[in-house]
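Novice: Here it is, the structure in full.
The values are calculated or read from the model by the stated rules, or taken from the named source; none is laboratory data. This is a predicted model, so every value here is computed, not measured. Neighbour counts run over all protein chains shown; Cβ positions are idealised from the backbone, glycine included. The protein model used for the area step is the full one, side chains on, heavy atoms only, and it has no ligands, DNA or RNA in it. Shrake-Rupley method; radii C 1.70, N 1.55, O 1.52, S 1.80 Å.
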Amino acid sequence: MRSYAVQMFCQPVVEMDMAAPAPKGTEVVVEVTRCGVCHSDLHIQDGYYDLGGGKRLSLADRGVTPPVVMGHEVLGRLVAKGPDAPVSDDTMGKTFVVYPWLGCGTCEICQRGEENLCATPSSIGVHRAGGYAERCLVPHPRYLVDVTGIDPTLAATYACSGLTAFSALKKVQIAKDREWLLILGLGGVGLSGLEIAKALGYQKIAVADIDPAKRDLAAACGASLVVDPRDAGALAALQAKTGGIAAAIDFVGGRATAEFGIATLRKAGTYIIVGLFGGDVSMSLPLLVLRALTLRGSYVGNLGELRELIDLVKQGRVKPMPVETVPMAKVNSALDRLRAGHVNGRLVLARD
Ligand SMILES: [Zn+2]
Ligand SMILES: [Zn+2]
């Protein structure tokens with residue numbers, strides 16, 4: 001089958017002919033019709049994360065070795081199943097979004113339903129072959145989430161960008177009608193965050209982005225307050241208008257956004273970092289105590305959260321974000337556009 005793989009880090013993705021997956025045991029196979037293109041694909045293509053201070057986290061050291069068939073926002077038709085896969089005949093041929101953030105399945109954390117936090121991850125499109133291909137192997141049908149009634153291009157994006165935003169928002173505990181939520185960065189995931197936050201009932205949402213087009217988008221999507229964090233007076237203005245941010249979610253995750261986000265918080269505020277732009281910050285430890293801040297990371301989300309999110313979408317409560325399809329054969333141009341930051345919303349590879 002035709003696949004698109006990273007054969008060497010830092011090089012364009014190449015078209016390869018790979019053996020089509022033959023499901024064994026409980027495994028199932030989906031024929032891929034949509035696969036979202038994610039910022040983390042750029043890091044996989046590069047082969048590292050920037051840890052700041054000149055340090056890098058090598059993906060090869062973490063068991064990610066080429067050829068890597070990327071693509072973790074996989075949507076497709078269920079076309080094959082192993083002999084032990086609990087799948088009824090009428091389920092075959094239906095369209096599902098695939099939960100990609102798999103773990104070992106047996107450890108304490110996996111048993112608790114948080115496979116995305118397993119110490120030995122086995123994520124689709126990262127550690128095992130993903131959706132930049134004609135077909136994708138999934139170890140068990142429980143990872144398939146029914147998306148009947150949802151536009152398939154949009155539905156694909158919920159597996160990462162939607163889920164990541166949803167899971168970060170689930171970690172926020174503030175009074176949704178009175179206290180301020182700040183979204184840092186309105187890329188694909190940040191935009192999902194804004195739409196899902198509205199669906200969850202947040203009424204005071206501020207957005208910070210350095211790009212005027214993204215600030216316009218935030219305002220058009222109903223953000224209550226929009227700022228350019230590079231403006232000298234932005235921090236003071238934000239604090240004056242909000243009385244301090246109760247929770248900030250950083251969808252960029254670079255030094256500038258982290259410093260800005262943490263500075264905006266009121267006492268006992270929470271800063272949640274999601275983005276993997278990279279870098280580091282130094283901070284005053286006594287102020288962390290005196291301001292009683294919570295700083296935490298949030299990595300994608302779990303299967304239960306994906307099901308919850310898809311339910312919310314099916315109820316019509318999450319406004320669709322802009323998505324654009326690109327033929328799968330043009331995967332490199334999609335990756336290049338994302339790298340250049342020239343994308344409003346999400347690019348999704350399509351095979352029909
Ligand atoms: Zn992703
Ligand atoms: Zn595990």
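Novice: Look at segment 288-302 and say how many of its residues are without any contact (Cβ under 8 Å) to a residue 12 or more places away in the chain and touching a Leu at 6+ places or on another chain (Cβ under 8 Å).
Specialist: Of the residues in that region, 1 qualify.
Novice: Which strands (runs of 3 or more DSSP E) does segment 12-89 wholly contain that include 2 or more residues that are touching a Leu at 6+ places or on another chain (Cβ under 6 Å)?
Specialist: 28-37, 48-52
Novice: Residue under question is THR164, and the condition is that it be assigned to a helix (DSSP H, G or I), touching an Asp or Glu at 6+ places or on another chain (Cβ under 9 Å), surrounded by 19 or more Cβ atoms within 10 Å (Cβ to Cβ) and of a type outside the set (Gly, Ala, Ser); does it hold?
Specialist: On the way: assigned to a helix (DSSP H, G or I): yes; touching an Asp or Glu at 6+ places or on another chain (Cβ under 9 Å): no; surrounded by 19 or more Cβ atoms within 10 Å (Cβ to Cβ): yes; of a type outside the set (Gly, Ala, Ser): yes.
When the stated conditions are applied, THR164 does not pass them.
Novice: Restricting the search to segment 227-241, which residues are open to solvent by 50 Å² or more (accessible area, probe 1.4 Å) and not polar (S, T, N, Q)?
Specialist: ARG230, ASP231, ALA232, LEU235, ALA236, ALA240, LYS241
Novice: Name the residues in segment 112-131 that are of a type outside the set (Val, Ile, Thr) and farther than 21 Å from ALA168 by Cα, would you?
Specialist: Within segment 112-131, SER122, GLY125, HIS127, ARG128, ALA129, GLY130, GLY131 qualify.
Novice: Starting from segment 245-272, take each residue that is at positive phi and list its partners that are at pLDDT 95 or above and outside any strand (DSSP E or B), counting only C-beta distances under 6 angstrom and pairs at least six apart or across chains.
Specialist: ALA268/ALA292
Novice: In segment 327-344, which residues are in contact with a helix residue (DSSP H, G or I) (Cβ under 7 Å, 6 or more places away or on another chain) and either closer than 17 Å to ILE150 by Cα or open to solvent by 10 Å² or more (accessible area, probe 1.4 Å) (or both)? Reasoning before the result, please.
Specialist: Keep residues of segment 327-344 that are in contact with a helix residue (DSSP H, G or I) (Cβ under 7 Å, 6 or more places away or on another chain), which gives 335, 338-339, 343-344.
Within segment 327-344, LEU338, ARG339, VAL343, ASN344 meet the criteria.
Novice: If you take the residues in segment 69-83 that are open to solvent by less than 50 Å² (accessible area, probe 1.4 Å), of a type in the set (A, V, I, L, M) and over 22 Å from HIS39 (Cβ atoms), which one is farthest from ligand 1 (Cβ to nearest atom)? Break it down stepwise before answering.
Specialist: Going through segment 69-83, the residues open to solvent by less than 50 Å² (accessible area, probe 1.4 Å) turn out to be 69-76, 78, 80, 82.
After this cut, where a residue has to be of a type in the set (A, V, I, L, M) as well, the list is 69-70, 74-75, 78, 80.
Then keep just the ones that are over 22 Å from HIS39 (Cβ atoms); that gives 78, 80.
Numbers: LEU78: 22, ALA80: 26 Å.
Among those residues, the one meeting the criterion is ALA80.
Novice: So, one more: Only one of (1) free of Cβ contacts under 8 Å to residues at least 60 places away in the same chain; (2) assigned to a strand (DSSP E or B); (3) of a type outside the set (Lys, Arg) is not met by GLY93, so which one is it?
Specialist: (2)
Novice: For segment 84-106, does any single residue satisfy the condition of being more than 21 Å from LEU144 (Cα to Cα), open to solvent by 30 Å² or more (accessible area, probe 1.4 Å) and away from ligand 1 (no atom under 15 Å from the Cβ)?
Specialist: Here is the first cut: in segment 84-106, the ones more than 21 Å from LEU144 (Cα to Cα) are none.
There is no residue in segment 84-106 that is more than 21 Å from LEU144 (Cα to Cα), open to solvent by 30 Å² or more (accessible area, probe 1.4 Å) and away from ligand 1 (no atom under 15 Å from the Cβ).
Novice: To continue, here is another question. Just to verify a result, which residue in segment 109-137, among those that are buried (at least 19 other Cβ atoms within 10 Å of the Cβ) and polar (S, T, N, Q), is farthest from ligand 1 (Cβ to nearest atom)?
Specialist: Result: ASN116.
Novice: Taking segment 100-134, which residues are among the polar types (S, T, N, Q) and either more than 25 Å from PRO67 (Cβ to Cβ) or near ligand 2 (Cβ under 8 Å from one of its atoms) (or both)?
Specialist: The first filter runs over segment 100-134 and keeps only residues among the polar types (S, T, N, Q), leaving 106, 111, 116, 120, 122-123.
Result: THR106, GLN111, THR120.
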